[in-house]
């Protein structure tokens with residue numbers, strides 16, 4: 001077995017607690033479900049999961065350690081991620097504003113596709129430097145050097161954390177998305193949900209802008 005069983009048991013307990021704790025990923029998935037229903041929420045979850053695999057690979061290869069040690073690399077990811085989230089939020093609010101000016105056009109606006117939700121989840125997760133630094137600080141604590149293949153252990157631990165979080169987020173996306181879908185038959189309610197999602201995206205962008213460069 002490539003992982004230490006005793007360390008793995010402790011890791012599963014900690015990783016589960018971290019996964020179910022409300023955070024930016026939770027807010028992003030809920031916002032995606034609010035604006036597009038359960039399908040979009042699950043798609044956003046899959047995008048976040050794909051980004052998690054990227055971060056696990058980067059941690060195993062030592063790339064995340066370089067990011068943690070480089071203020072320039074950290075800031076590039078931080079600002080890039082914030083700008084992308086701000087753009088998503090601005091688009092959502094623009095849709096609402098356009099709908100308020102012409103309610104008939106709001107009724108014919110197509111919701112964001114699942115493909116777009118997936119891409120948004122992927123990009124926002126990959127460009128979150130906090131995830132990279134967290135993996136550098138957290139995963140090595142549960143790798144057993146005596147077993148060898150430490151990079152492989154780090155990658156597997158990252159994937160395990162990612163899987164737990166994905167299952168939790170997919171459940172939230174399904175439950176919240178179904179509730180939203182029942183309400184979104186009204187054009188006004190749909191506009192309100194889109195506006196709420198846009199505000200959440202902007203708040204997440206602001207949070208990233210003011211991230212301190214330190215480990216979790």
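Here the stretch 5-209 is treated as a sphere whose radius is the Kirkwood value from Cα pairs; by Stokes-Einstein at 4 °C and 1.567 mPa s it diffuses with a coefficient of 73 µm²/s.
Pairs of Cα atoms under 8 Å, at least six residues apart: use those to get the relative contact order of the stretch 5-209, whole percent. Numbers along the way, then the final one.
Values: 295 pairs, mean separation 90.9, N = 205.
This gives 44 percent for the stretch 5-209.
Shape of the stretch 1-103 from its Cα gyration tensor (a ≥ b ≥ c, root eigenvalues): rounded if a/c is under 1.5, otherwise prolate when a/b > b/c, or oblate?
Numbers: a/c = 3.22, a/b = 1.64, b/c = 1.96.
It comes out oblate by the Cα gyration axes.
Between the alpha-carbon centres of the stretch 129-151 and the stretch 6-80 there is a gap of 15 Å.
FYI, it's all coordinate maths here, none of it is from the lab. Please read all numbers here as calculations on a predicted model, not as lab measurements.
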